[in-house]
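**Student:** Below is a structure I'd like to ask you about.
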Amino acid sequence: MRKAVKFGGSSLADAGQFRKAGEIIRADKGRRYIVPSAPGKRFAEDIKVTDMLYACYALAEEGKDFRENLKRIARRYGAIIDGLELEISLDKEFEIIEERFLESAGIEYAASRGEYLNGIVMAAYLDYEFVDAAEVIIFDEQGTFDADATDRILSARLQGCENAVIPGFYGAMPDGTIKTFPRDGSDITGALVAAAIGADVYENWKDVDGVLMANPQIVDNPKVVRSITYKELRELAYMGANVLHEDSIFPVRRKGIPINIRNTNKPEDEGTWIMEKTIQPTKYVITGIAGKKGFCSINIEKERRSSQIGFGSTVLQIFEENGLSFEHVPTGIDTMTAYIHQEEFMPRADNVVKELRKRLQPDGIEIESDLALIAVVGRNMKSTRGTAGKIFSALSHANVNLKMIDQGSSQLNIIIGVSNQDFEKAIQAIYNIFVVVRL
């Protein structure tokens, strides 16, 4: 069995965590291709190495002395190397980083060095081959990720490696300029490696037990989801569940590779399995709940709106012309409402309203701010009667005013809108009625 294995920053934060990762890797000969993140926090008040690099490079850009900050980062790696009793030195690498900072190599180069250096340490610790992600993760001249070129080059490169460490989070453009994925992009690199080697499993080791049914900062000790489909995970990830970067699903999904989310600190636990389809029965009607704050609604009212051809397309065109994307657009006979990120909308609000009035002559336009959207997701919902009714009941008992409800065409999710101030209360109420009380 061939496995691509990615370790998150908290799993590699210090020498002790490195040793745990090493034990996990050596316990299974199939764990041959490893993708490390940069060292994360060792304790609550600690700073992630990536954030240290961002701050260090900011000083360099301002023409200030950044060397002491760079030395602090070097000491972080030195402590890991000493703790693992390795006979390697990163002094030359830090000399190069200092030179590149002085040459204004760019913020993405700076951010990528955390994974790059950790990859070198991990390769030395495991005695695996080090493969620089800049050589195998390809972005085009415009900085757009090239999936086909990456799969081709990465596959060819790893075909000749019995075991390899490939740093996460970054790649390079044709001229060698370092380009990074979004934050948590090491998840994407892991998926690309899994796809390139035709892995049987993509293991993603973190500091959580798996995908949780709700945010643990809102719900106390939420249940772990033991099996979840790609579609369900994308819905939850899009709405804020951050256990796995949503873009990491595509490379493995295309090749039918399951993802296994595991806890580095509980290697005996099975974690969560993510796959295309699953026949494994779920204990609850819903799979999970996730949401985001910070939306506003633009409600456009016009008599006989539904019979006016082009009304909806004109609304969306006005949003597009103003650089706005919408989240949901529930409609009625005489109304159309768009939910948009508030921070993006407010600077453009006057122009959007002016264009809506000019081109649609609506009877009225109402804007409501400080809203939150919550997704209730589950593959069992479409075959279970009364799901929406239970949501209404839960919110009513919690004295939460429902602003909007919208069910996706796949019947995989129900989106509700509430006030920002009711966000946490709403999630707790929905979790309680489906998981705790289970009426």
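**Student:** For the range 386-403, name all the residues that are more than 12 Å from Ala375 (Cβ to Cβ), not polar (S, T, N, Q) and not in a loop (DSSP other than H, G, I, E, B).
**Tutor:** Pass one, the range 386-403, residues more than 12 Å from Ala375 (Cβ to Cβ): 386-390, 392-403.
Remaining after also requiring not polar (S, T, N, Q): 386, 388-390, 392, 394-395, 397-398, 400, 402-403.
Answer for the range 386-403, where residues must be more than 12 Å from Ala375 (Cβ to Cβ), not polar (S, T, N, Q) and not in a loop (DSSP other than H, G, I, E, B): Ala388, Gly389, Lys390, Phe392, Ala394, Leu395, His397.
**Student:** Of the residues Lys255, Lys302, Lys283, Lys293, which is more than 16 Å from the chain's Cα centre (by Cα), at pLDDT 95 or above and open to solvent by 10 Å² or more (accessible area, probe 1.4 Å)? Even if it seems obvious, please write down each step before you answer.
**Tutor:** Numbers: Lys255 fails: at pLDDT 95 or above; Lys302 fails: at pLDDT 95 or above; Lys283 fails: at pLDDT 95 or above.
The match here is Lys293.
**Student:** Here's another thing I want to ask about it. Hey, can you tell me all the residues within the range 139-198 that are farther than 24 Å from Val243 by Cα, aliphatic (A, V, I, L, M) and in contact (Cβ under 8 Å) with a residue 60 or more places away in the chain? Before you say what the answer is, go through the steps one by one.
**Tutor:** Restricting attention to the range 139-198, the residues satisfying the condition of being farther than 24 Å from Val243 by Cα are 139-144, 146, 148-164, 172-178.
The next check asks that each one be aliphatic (A, V, I, L, M); those that pass are 149, 153-154, 156, 158, 164, 172-173, 178.
Hits for the range 139-198 are Leu158, Ala164, Ile178.
**Student:** On to the next question. Select from the range 194-210 the residues that are touching a helix residue (DSSP H, G or I) at 6+ places or on another chain (Cβ under 7 Å) and not in a loop (DSSP other than H, G, I, E, B) and write down the one among them that is farthest from Glu135 (Cα to Cα). It would help to see each step written out before you state the result.
**Tutor:** Residues of the range 194-210 that are touching a helix residue (DSSP H, G or I) at 6+ places or on another chain (Cβ under 7 Å), as a first pass: 194-197, 202, 204-207.
Then keep just the ones that are not in a loop (DSSP other than H, G, I, E, B); that gives 194-197, 202, 204-206.
Values: Ala194: 17, Ala195: 17, Ala196: 14, Ile197: 16, Tyr202: 22, Asn204: 23, Trp205: 24, Lys206: 26 Å.
Step by step, filter the range 194-210, then rank; the result is Lys206.
**Student:** Restricting to the range 357-377, what's the tally of residues that are surrounded by fewer than 19 Cβ atoms within 10 Å (Cβ to Cβ) and outside any strand (DSSP E or B)? Spell out how you get there, then give the answer.
**Tutor:** Going residue by residue through the range 357-377, those that are surrounded by fewer than 19 Cβ atoms within 10 Å (Cβ to Cβ) are 357-359, 361, 363-370.
Filter again for outside any strand (DSSP E or B), leaving 357-359, 361, 363.
Of the residues in that region, 5 qualify.
**Student:** If I filter the range 206-228 for residues that are over 27 Å from Ile286 (Cβ atoms) and modelled with pLDDT of 95 or more, do I get at least one hit?
**Tutor:** Keep residues of the range 206-228 that are over 27 Å from Ile286 (Cβ atoms), which gives none.
For the range 206-228, residues over 27 Å from Ile286 (Cβ atoms) and modelled with pLDDT of 95 or more: absent.
**Student:** Checking the conditions here, which among Asn380, Asn351, Asn420, Asn401 is of a type in the set (S, T, N, Q) and open to solvent by less than 40 Å² (accessible area, probe 1.4 Å)? Let's see the steps before the verdict.
**Tutor:** Numbers: Asn380 fails: open to solvent by less than 40 Å² (accessible area, probe 1.4 Å); Asn351 fails: open to solvent by less than 40 Å² (accessible area, probe 1.4 Å); Asn401 fails: open to solvent by less than 40 Å² (accessible area, probe 1.4 Å).
That would be Asn420, the only listed residue that is of a type in the set (S, T, N, Q) and open to solvent by less than 40 Å² (accessible area, probe 1.4 Å).
**Student:** Let me ask something else. Starting from the range 16-29, keep only residues that are touching a residue at least 40 places away in the same chain (Cβ under 8 Å), then list their pairs with residues that are open to solvent by less than 30 Å² (accessible area, probe 1.4 Å) and assigned to a loop (DSSP other than H, G, I, E, B) whose Cβ atoms are within a distance under 6 Å, requiring at least 6 positions of separation or different chains.
**Tutor:** Phe18/Leu84; Lys20/Thr264
**Student:** Same structure, new question: For the range 84-95, give me the residue count where each residue is surrounded by 14 or more Cβ atoms within 10 Å (Cβ to Cβ) and in a helix (DSSP H, G or I).
**Tutor:** Count: 2.
**Student:** Looking at (1) part of a helix (DSSP H, G or I); (2) more than 19 Å from Tyr33 (Cβ to Cβ), which one does Ala124 not meet, given that it meets all the others?
**Tutor:** With respect to (1) part of a helix (DSSP H, G or I); (2) more than 19 Å from Tyr33 (Cβ to Cβ), Ala124 is out only on (2).
The values are calculated or read from the model by the stated rules, or taken from the named source; none is laboratory data. Since we're looking at a predicted model, the values are computed, not measured. Here Cβ is always computed from backbone atoms with ideal geometry, including for glycine, and neighbour counts include all displayed protein chains. These accessible areas exclude ligands, DNA and RNA; they are computed on the full protein's heavy atoms, side chains included. Shrake-Rupley method; radii C 1.70, N 1.55, O 1.52, S 1.80 Å.
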